[in-house]
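Participant: Following this message is one structure expressed as structure tokens.
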């Protein structure tokens, strides 16, 4: 969605995609602090939940925590879909 090179991955990808000044997925109508918070939310989610599972097996001992991570991913996807609608011709 962010039209970034394939080698741009992980937290770096999120920082570029949601850059408050020129990130393609940034909501330009949002206030500056909200833009920064959204970028931090995406970068944090990738760093805390996606990256670890890319490098090792992560066990969720608490089923509720696993459900909450899925819910977080769902929310993040909803934000990306909003950006997709803004970008549609």
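The values are calculated or read from the model by the stated rules, or taken from the named source; none is laboratory data. Quantities reported herein were computed from a predicted structural model and do not represent experimental measurements. Backbone-built Cβ (ideal geometry, glycine too); neighbour counts: all protein chains shown.
Participant: Condition first: assigned to a helix (DSSP H, G or I), farther than 16 Å from residue 83 by Cβ and touching a helix residue (DSSP H, G or I) at 6+ places or on another chain (Cβ under 8 Å). Now tell me which residues in segment 1-16 satisfy that. Let's see the steps before the verdict.
Facilitator: Residues of segment 1-16 that are assigned to a helix (DSSP H, G or I), as a first pass: 10-16.
Restricting the remaining residues to those that are farther than 16 Å from residue 83 by Cβ gives 10-12.
Passing the criteria: 10, 11.
Participant: In segment 39-48, how many residues are out of contact with any helix residue (DSSP H, G or I) (no Cβ under 7 Å at 6 or more places or on another chain) and modelled with pLDDT of 95 or more?
Facilitator: Going through segment 39-48, the residues out of contact with any helix residue (DSSP H, G or I) (no Cβ under 7 Å at 6 or more places or on another chain) turn out to be 40-41, 44, 48.
Subset that is modelled with pLDDT of 95 or more: 40-41, 44.
Looking only at that region, the number is 3.
Participant: Based on this model, can you work out whether residue 39 counts as more than 16 Å from residue 84 (Cβ to Cβ) and in contact (Cβ under 8 Å) with a residue 24 or more places away in the chain?
Facilitator: Values: more than 16 Å from residue 84 (Cβ to Cβ): yes; in contact (Cβ under 8 Å) with a residue 24 or more places away in the chain: yes.
It is true that residue 39 is more than 16 Å from residue 84 (Cβ to Cβ) and in contact (Cβ under 8 Å) with a residue 24 or more places away in the chain.
Participant: Limited to segment 17-49, what total is found for residues that are assigned to a helix (DSSP H, G or I) and surrounded by 18 or more Cβ atoms within 10 Å (Cβ to Cβ)? I'd like the intermediate steps shown before the answer.
Facilitator: Step one: list which residues in segment 17-49 are assigned to a helix (DSSP H, G or I), which gives 17, 32-49.
With the extra rule that they be surrounded by 18 or more Cβ atoms within 10 Å (Cβ to Cβ), the set shrinks to 17, 35, 38-39, 42-43, 45-46.
Residues meeting the conditions: 8.
Participant: Within segment 50-71, work out how many residues are within 17 Å of the chain's Cα centre (by Cα) and not in a helix (DSSP H, G or I). So that I can check it myself, show each step before the final result.
Facilitator: Our first condition is that a residue be within 17 Å of the chain's Cα centre (by Cα); within segment 50-71, this holds for 50-54, 68-71.
Filter again for not in a helix (DSSP H, G or I), leaving none.
So the count comes out to 0.
Participant: So, of the residues in segment 58-78 that are in contact with a helix residue (DSSP H, G or I) (Cβ under 8 Å, 6 or more places away or on another chain) and within 15 Å of residue 44 (Cα to Cα), which turns out to be surrounded by the fewest Cβ atoms within 10 Å (Cβ to Cβ)?
Facilitator: Of segment 58-78, the ones in contact with a helix residue (DSSP H, G or I) (Cβ under 8 Å, 6 or more places away or on another chain) are 58, 60, 69, 72-73, 76.
This time we only want the ones that are within 15 Å of residue 44 (Cα to Cα), so: 69, 72-73, 76.
Working: 69: 17, 72: 15, 73: 13, 76: 18.
Here the answer is 73.
Participant: Cβ-Cβ below 6 Å, separation at least six or inter-chain, first residue in segment 42-58 and more than 10 Å from residue 11 (Cβ to Cβ), second modelled with pLDDT under 85 and in a helix (DSSP H, G or I): which pairs?
Facilitator: 58/52
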